[in-house]
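To keep things clear, I will list the structure first and then write my remarks on it.
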Ligand SMILES: [Zn+2]
């Protein structure tokens, strides 16, 4: 399966973005250099929800 490698700006880990995933198009078109792995994406989303309900 074809994939791109991107560095997560949050944990600095290299992660793979597979063809067909929501991030693939963003990475492919290089719309942003702020890539975030799935783990951090999830953490950030949870933190945002917690802050929202505080
Ligand atoms: Zn990360």
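As for segment 14-27, it holds at least one residue that is assigned to a loop (DSSP other than H, G, I, E, B), under 13 Å from the mean Cα position of the chain (by Cα) and surrounded by 10 or more Cβ atoms within 10 Å (Cβ to Cβ).
Give the residue that is nearest to the ligand (Cβ to nearest atom), with candidates limited to residues of segment 28-54 that are assigned to a loop (DSSP other than H, G, I, E, B) and touching a helix residue (DSSP H, G or I) at 6+ places or on another chain (Cβ under 8 Å). The qualifying residue nearest to the ligand (Cβ to nearest atom) is 36.
Every read-out reported here was derived from the displayed coordinates using simple, explicitly stated rules and does not represent laboratory data. Because the structure is predicted, anything quoted here is derived from the model rather than measured. Glycine also receives a Cβ, built like all others from the backbone with ideal geometry; neighbour counts cover every protein chain displayed.
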